Amino acid sequence: MRFLLGCLLLLCVGAAQSAEPSRVDQRSTAACSPPMVNNSGTVTINCPGISKEALNFLQSRLAEQISAIRREMAEAKADARLLRNQNDLIDRLRAEAEGWAQRYHDLLAQLSTDDQTAQARTLIEKGDLDGAARILGTLAERQDADIRRAAATKYSQGQVEMLRFAISKALPHYRRAHQLDPTNTNYAEAYAATAYRARDYGAAEAVWTDLLAIYRDRAARDPAAYRPVLAMTLNNLGVLYGDTNRLPQAEGAYEEALAIRRELAARDPAAYRPDLPSTLNNLGVLYRDTNRLPQAEGAYEEALAIYRELAARDPAAYRPSLAMALNNLGVLYSDTNRLPQAEGAYEEALAIRRELAARDPAAYRPNLASTLNNLGILYRDTNRLPQAEGAYEEALAIYRELAARDPAAYRPSLAMALNNLGVLYSDTNRLPQAEGAYEEALAIRRELAARDPAAYRPDLAMTLNNLGILYRDTNRLPQAEGAYEEALAIRRELAARDPAAYRPDLAMTLNNLGILYRDTNRLPQAEGAYEEALAIRRELAARDPAAYRPDLAMTLNNLGILYRDTNRLPQAEGAYEEALAIYRELAARDSAAYRPDLARTLNNLGNLYTVTSRRPQAEGAYREALAICRELAARDPDAYRPDLAMILNNIGILYTAPNRLPQAEGAYKEALAIFRELAAQYPAVHQARVDFLEAELARLRKATP
């Protein structure tokens with residue numbers, strides 16, 4: 001007789017969290033009147049000191065934003081009241097106008113010092129930014145001998161491109177200005193910030209590192225003037241180090257920035273408290289990435305409290321940051337299995353980001369997609385798979401659109417969304433769709449990792465792990481082994497360099513490779529993989545039970561299966577019972593998330609009781625597992641009917657003892673009906689089950705008088 005055993009594999013779902021770097025230009029001093037918007041979308045605004053012609057250009061750009069907002073609202077069929085909420089809209093437009101006005105005034109001030117730039121200044125005042133760009137380009141070609149003047153002109157060209165909202169065109173001008181005059185910190189800061197936004201991390205790091213040395217020296221001589229900008233540079237370097245997976249360096253930079261900003265905020269809260277939560281948030285992201293979850297929670301909660309206070313006073317300026325802090329705290333609550341709190345944080349963040357994206361799609365749709373992705377992960381973790389699919393698909397649609405316009409910035413996020421949707425398709429047994437999603441994600445991540453291994457090899461390993469699971473589920477075991485082993489090699493290398501961040505992922509792939517070795521009857525290798533995974537997970541669970549006891553139970557369950565296969569039944573029973581105790585405790589606190597795992601472990605323990613002729617205990621375990629799976633399959637048939645059929649099969653095996661043949665036949669028939677339906681979709685996966693059950697039913701009919 002053949003027993004169907006439930007092995008637990010772990011699929012990697014990428015949760016996105018945003019580490020927001022401080023802006024180089026943090027505050028605008030240019031004041032503009034509240035804008036007026038008529039029914040046709042025309043914008044009227046007054047910004048002192050800006051010529052009528054330049055103001056017309058600004059007003060036309062703001063009108064384009066209004067038009068985009070209205071198109072977005074119409075496509076989404078959103079509540080028209082959002083468009084009528086003029087106060088929020090006006091605040092947003094006013095902030096946009098004041099930032100533009102500040103750049104305008106700065107540029108005119110620079111151009112006024114040089115007679116040669118008078119023509120460009122005149123064109124800017126007339127709103128002819130294209131003409132000004134041409135004049136400055138011609139002037140730059142003539143000024144090669146006068147290095148400082150040429151640098152100033154290149155910087156002005158960069159500023160003009162920023163006024164035109166053309167970041168990619170601004171970057172080479174800022175780069176040249178910095179090359180010509182590397183001692184000018186304004187040029188350096190503009191170049192570094194723009195290079196970072198363009199993901200040219202090498203250039204950004206080199207310039208920020210040089211600036212750090214300059215500001216350290218100046219802050220030693222004039223602390224009041226230079227410690228704020230020193231903290232800003234440290235914060236920005238920390239973000240860059242984090243983005244390139246140099247977490248110890250990131251931590252050092254953040255902690256020094258935080259110490260300076262705490263000191264500044266204590267002396268002048270009005271001026272410096274707004275800067276404090278940015279570094280707290282970034283440090284929280286780093287603590288989470290290195291599995292120091294209590295410290296991450298403390299940093300996030302302090303940042304959230306400050307952002308709530310700031311957003312209450314100035315919603316237009318701080319509600320985006322409030323949403324970011326809520327999103328990140330939601331990620332942490334998910335990591336520590338406090339799923340109701342995570343859901344509350346995500347939903348509050350989502351409400352803010354939907355509102356922001358409705359008003360300014362270009363600015364806020366990326367953040368909306370991030371929170372949709374995270375909420376999708378939470379819905380999946382709590383077995384609300386239709387809701388998870390809806391959230392993932394909305395996020396994926398946004399990321400596809402963003403990546404089509406800006407591949408360098410958004411292809412990583414597109415790959416993440418594809419990976420997560422692939423996990424959900426696997427959960428609901430839509431394996432061809434899952435494979436398509438994984439393979440598209442894998443192609444993107446291979447390309448990214450080839451260009452920047454430090455940043456993208458962890459993501460590559462994640463999708464390889466998931467594709468390995470899919471290959472195993474569809475009986476393509478050589479391909480599964482290749483995917484797992486490539487993922488394992490990457491994760492061993494990562495864990496050797498940064499154990500705190502990558503040992504959990506290493507244990508995950510060891511667990512999955514152990515399952516594959518067991519499937520191919522390489523039981524000594526399977527045992528070695530499981531035991532290495534178990535040792536890591538015991539250590540992690542001892543330090544952080546809330547985060548890692550679920551993974552510990554998973555590997556205990558799988559090791560129990562292996563012990564049973566090698567007739568070490570007492571060890572198998574011990575492993576199952578330890579796993580069962582953990583799952584009972586977890587399911588008592590969060591039934592939606594852990595009742596499926598509880599049912600699988602009960603099924604496996606029932607199998608062991610059957611083998612050791614403890615039929616009453618086996619029946620009790622199976623019956624409890626069956627009740628759970630019937631309930632789960634009623635709510636989500638695609639996800640749980642395979643488990644239901646497996647348990648019915650095992651109950652049928654139990655009842656083939658004398659005098660229980662009618663019950664055995666009933667269980668087999670119900671299991672066969674499900675497996676036939678599944679085999680019609682996926683014959684490679686389920687036809688063997690159909691053949692087994694048909695043979696068993698034929699045998700029972702012959703044995704029945």
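Across the range 613-705, the mean sequence separation of Cα contacts (distance under 8 Å, 6 or more residues apart), normalised by length, yields a relative contact order of 21 percent. Axis of helix 683-703 versus longest Cα principal axis of the chain: the two differ by about 20°, to the nearest ten degrees. Restricting the calculation to Cα atoms, the range 613-705 yields a radius of gyration followed by a Dmax of 13.3, 39 Å. On full extension, the segment bounded by Glu53 and Ala546 gains 171.4 nm, given 0.36 nm per residue less the C-alpha separation. Spin-label pair Ala317-Glu493: with each label point 7 Å from Cα along the Cα-Cβ axis, the two points sit 4.6 nm from one another. Summary of packing: across the peptides 264-271, 278-285, the per-residue average of other C-beta atoms within 10 Å ranks them, highest first, as 278-285, 264-271.
Taking the convex hull of the Cα atoms, report for the range 502-585 its projected area averaged over all directions, in nm². Across all orientations, the range 502-585 yields a mean hull projection of 4.9 nm². A full extension of the chain between Glu439 and Ala684 corresponds to an added length of 86.2 nm, given 0.36 nm per residue minus the alpha carbon distance. Helix 385-405 and the longest principal axis of the Cα set of the chain meet at an angle near 40°.
For the range 502-585, the relative contact order is 24 percent, taking Cα pairs closer than 8 Å that sit 6 or more residues apart in sequence and dividing their mean separation by the residue count. Using the alpha-carbon atoms, what tilt in degrees (0 to 90, nearest 10) does helix 499-519 show relative to the longest principal axis of the chain? Around 30 degrees separate the two axes. Here is how the number arises for the chain: DSSP H runs of 4 or more residues each give -39500 (n - 2.57), the sum is divided by the residue count, and the result at 222 nm is -28000 deg cm²/dmol. The magnitude of the dipole of the chain, with charges of +1 and -1 set on the Cβ of Lys/Arg and Asp/Glu and taken from the Cα centre, is near 680 debye. Translational diffusion coefficient of the range 475-520 (Stokes-Einstein, Kirkwood radius from Cα pairs, 20 °C, 1.002 mPa s): 199 µm²/s.
All Cα-Cα distances of the range 444-567, cut into 5 Å bins from zero to the largest, leave 2, 12, 20, 22, 21, 13, 7, 2, 1, 0 percent in each bin in turn.
Considering only alpha-carbon pairs that sit under 8 angstrom and 6 or more positions apart, the relative contact order computed for the chain is 10 percent. Label sites at Asp146 and Glu263, each approximated as a point 7 angstrom past Cα along Cα to Cβ, lie 4.3 nm apart.
Taking 0.36 nm per residue of sequence separation and removing the Cα-Cα distance, the Arg134/Thr209 pair yields an extension gain of 23.7 nm. Averaging the Cα positions of each part gives two centres, and for the range 248-304 and the range 534-598 these lie 36 Å apart. Values of log10 I(q)/I(0) for the chain across q = 0.07, 0.09, 0.10 Å⁻¹ run -0.57, -0.85, -1.00, by the Debye formula with one identical scatterer at each alpha carbon and no solvent.
Label positions at Leu569 and Asp636, each projected 7 Å from the Cα along the C-beta direction, are separated by 3.5 nm.
Bear in mind that the values in this text are calculations on the coordinates, not laboratory data. Being a predicted model, the structure only gives us computed values, none of them experimental. As a convention, Cβ positions derive from the backbone with ideal geometry for all residues, glycine included, and neighbour counts pool all protein chains shown.
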